[in-house]
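Everything below concerns the one structure shown next.
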Amino acid sequence: MVTHVGILEKLRGALEPRGFEVHPFQVGWYNGVLEPVFHLTYPPDTLAFVVLSAPSMFEKSFKPFLAQHELQSLRDPIDQCVAHHMTLAKERFPLHNIEVLYDYELHPNRRPKALMQTAAHVSGAAYYYMRKDVEPDPWGKRKMYGVCIHPRFGGWFAIRAVLVFADVRAAGLEQTLPIDCVPGREERIRLLENFNYNWRDGKYRDALPAEEKYSTEQTLYFATPPAERLKLLKLWGQIPPTAPC
């Protein structure tokens, strides 16, 4: 009989050596904190996983992927790499019905297919800091977007996908609460303001001392506009100079 523990171990065996983290949750935990319009349409105890990329993913997955595969010119190279590894992970479970929801995927009405930061929070992977976490609220009518902070990587990570095992029930899965690693009010204010007003400088990523950060090369890559990233990879010699941009 398949169990959530066995699936988790198998997924982690496939993805963690490649610089990814995998955290399980029940769909009901996710739906329980969201408005119905954002719900995933599965039974509450359906097993799902959120997949994060750690800083090491760039060296462990992305560069090897560039060396071994021809890029599709109209897709972001990182997205292609992540999709490749999610496909390989799915192939380890041929008897299961698995839906992969990527961070960039939208419904026709432009609504995200999955709210990645919410999935990260309910799985215990990272704490999703929002304005409701700052009392009293100092921002009045100003819009403030929330941001996830990882207990080991701070803001030096990304949430890449949600994997839903549509045919697996995980009623026995115990919820792990995310670690509140930015507990002070002033620190939370600084975090949210850095993310909302100055996200390009990356200071919000250093909300806590991180065990591991992006390399200089990786930081430059992600700071480069997506339309210019193929040119950067050519300049670095990561892809052939004749590859289409």
**Report entry** Charge sum, other residues only, whose C-beta stays under 13 Å from ILE7's C-beta, Lys/Arg counted +1 and Asp/Glu -1
**Finding:** +3
Query raised in the report: Which far-off residues, 5 or more places away or on another chain, put their amide H under 5 Å from the one on ILE239, with H placed in the peptide plane?
Result: LYS234
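Around PRO138, under 14 Å between beta carbons, what's the net of Lys plus Arg minus Asp minus Glu among the other residues? Walk me through the numbers on the way to the answer.
On the way: positive: ARG131, LYS132, LYS141, ARG142, LYS143, ARG185, ARG188, ARG190; negative: ASP133, GLU135, ASP137, GLU186, GLU187, GLU193.
Every neighbour counted, the sum reads +2.
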Requested in this report: Could you work out the Rg to Rh ratio of the stretch 1-144, with Rh taken as the Kirkwood radius (inverse of the mean 1/r over all Cα pairs)?
Outcome: 1.00
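Specify, per residue and in Å³, the volume enclosed by the convex hull of the alpha carbon atoms belonging to the stretch 90-222. Write down the numbers at each step before the final one.
Details: hull volume 22.4 nm³, N = 133.
Output value, Cα hull per residue: 168 Å³.
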Query - Nonlocal amide H pairs with ASP167, under 5 Å, H built at 1.01 Å - result: ASN97
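Throw me the Rg/Rh for the chain, computed over C-alpha atoms with Kirkwood Rh, two decimals. Before the final figure, lay out the partial values.
Working: Rg = 18.6 Å, Rh = 19.2 Å.
So for the chain, dividing Rg by the Kirkwood Rh gives 0.97.
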Query raised in the report: Which sequence of TRP139, TRP199, TRP236 reflects their accessible areas, 1.4 Å probe, from the largest down?
Result: TRP199, TRP236, TRP139
Query raised in the report: At a probe radius of 1.4 Å, what is the per-residue accessible area of HIS69, in Å² to the nearest 10?
Result: 70 Å²
Query raised in the report: Got a number for the accessible area of TYR30? Probe 1.4 Å, square angstrom, nearest 10.
Result: 0 Å²
Query - Partner lysines for LYS213 [C-alpha distance under 23 Å; skip if fewer than 8 residues away on the same chain] - result: LYS60, LYS63, LYS203
Report summary line: In the neighbourhood of PRO209 defined by beta carbon distances under 13 Å, the net charge of the other residues (Lys, Arg +1; Asp, Glu -1) is -1
Report task. Between VAL27, VAL122, VAL182, find the one with the highest GNM mean-square fluctuation for the chain; connect C-alpha pairs within less than 10 Å. Result -> VAL182
Query raised in the report: Just THR118, THR216, THR87 to compare: in a GNM of the chain, with alpha carbon springs under 10 Å, which one fluctuates most?
Result: THR216
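Relative contact order, percent, of the chain when contacts are C-alpha pairs under 8 Å separated by at least 6 residues? Don't jump to the answer; show the numbers that get you there.
Numbers: 373 pairs, mean separation 57.0, N = 245.
Computed over the chain, the figure is 23 percent.
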Query raised in the report: Amide H neighbours of TYR42 under 5 Å, counting only residues 5+ apart in sequence or on other chains, H built in-plane at 1.01 Å?
Result: none
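The values are calculated or read from the model by the stated rules, or taken from the named source; none is laboratory data. Everything numeric in this text was worked out from a predicted model, so none of it was measured. Reconstructed Cβ throughout: ideal geometry from the backbone, glycine too, with neighbour counts over all protein chains shown. Just the protein is used for accessible areas: all its heavy atoms, side chains included, with ligands, DNA and RNA removed. Shrake-Rupley method; radii C 1.70, N 1.55, O 1.52, S 1.80 Å.
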